[in-house]
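Data first, discussion second: the structure below is written as structure tokens.
The values are calculated or read from the model by the stated rules, or taken from the named source; none is laboratory data. Predicted model, so just to flag it, every value in this text is computed and none were measured. Glycine gets a Cβ as well: all are built from the backbone with ideal geometry, and neighbour counts include every protein chain shown.
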Amino acid sequence: MELYTPVLALVVLAAGFAIASIGMAAIIGPKRANKVKLDAYECGIQPTPQPLGGGRIPVKYYTVAMTFIIFDVEIMFLVPWAIYFDELAWFGVIAVLLFLFNITLAYAYEWRRGGLDWD
């Protein structure tokens, strides 16, 4: 139990700081509300009305996001493999080759479908 005492003390300190910060902001912060302060922030541009349902977002945004996620997952698996390359022997080489083959198939599919074109 004594090993967890510093962790518990840090949790209590962090929670106390968070509660104190929110409380002090509510007590000493300005309380003048006006129309400009309550408006949505749009980087200085007048907000445009949104159609019902929120409007349409092109699918290209989602495919680019998925591409980044695929490459993040690839790096997440390849770095530990590179660190323990000697210990994994042929099993590690075959496993990574199969993994890279699957990733390459997904990349080629998206490339052929035109998901990487920015027209």
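Looking at A15, is it modelled with pLDDT of 80 or more and either under 27 Å from the mean Cα position of the chain (by Cα) or surrounded by 10 or more Cβ atoms within 10 Å (Cβ to Cβ) (or both)?
So A15 passes the test.
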Among what's in segment 23-46 and is surrounded by 10 or more Cβ atoms within 10 Å (Cβ to Cβ) and of a type outside the set (A, V, I, L, M), pick the residue that is modelled with the lowest pLDDT.
D39
Restricting to segment 47-95, give me the number of residues that are in a loop (DSSP other than H, G, I, E, B) and either modelled with pLDDT under 80 or within 26 Å of the chain's Cα centre (by Cα) (or both).
9
Can you tell me how many residues in segment 103-118 are surrounded by 12 or more Cβ atoms within 10 Å (Cβ to Cβ), not in a helix (DSSP H, G or I) and not hydrophobic (A, V, I, L, M, F, W, C)?
1
Among the residues of segment 1-12, how many are at pLDDT below 80 and among the polar types (S, T, N, Q)?
0
